[in-house]
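The values are calculated or read from the model by the stated rules, or taken from the named source; none is laboratory data. What you see is a predicted model, and the numbers here were worked out from it, not measured in a lab. Methodologically, a virtual Cβ is constructed for each residue, glycine included, from the backbone with ideal geometry; neighbour enumeration extends over all protein chains shown.
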Amino acid sequence: MWVSVSGESIRGLVYGYPEKAYQKKKSWYCGSSSSSFDDGDRETISAMESKIVHLNAELAAVAEREKKREERERRRLQQQRRQRTRGRQRFRPN
């Protein structure tokens, strides 16, 4: 706050960002056309998109494994219940 009151540039003085670089990033965040991106920005975005695709595929695989594991566990518990029920019926005194 003291910087904005004194009239100094917050980004340049306090954080060490050149004002020109900040303006470029600001336009990127505001959704300007992709023509203002430099090659570094495009590479970064492309790498991020690739990582998102990879992580989504990995998440889907983990979800599928978890679903199969839960199904096996459900079947195992049902089988145990059936065996307990049969055992009680077999050894019930008259």
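Taking residue 89 and the conditions (1) surrounded by fewer than 10 Cβ atoms within 10 Å (Cβ to Cβ); (2) modelled with pLDDT of 95 or more; (3) of a type in the set (S, T, N, Q), which numbered condition does it fall short on, given that it satisfies the others?
Only one criterion is unmet by residue 89, namely (2).
Conditions tested, residue by residue: (1) surrounded by fewer than 10 Cβ atoms within 10 Å (Cβ to Cβ); (2) modelled with pLDDT of 95 or more; (3) among the basic types (Lys, Arg).
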residue: 13; (1), (2), (3): no, no, no
residue: 18; (1), (2), (3): no, no, no
residue: 25; (1), (2), (3): no, no, yes
residue: 28; (1), (2), (3): no, no, no
residue: 49; (1), (2), (3): no, yes, no
residue: 75; (1), (2), (3): no, yes, yes
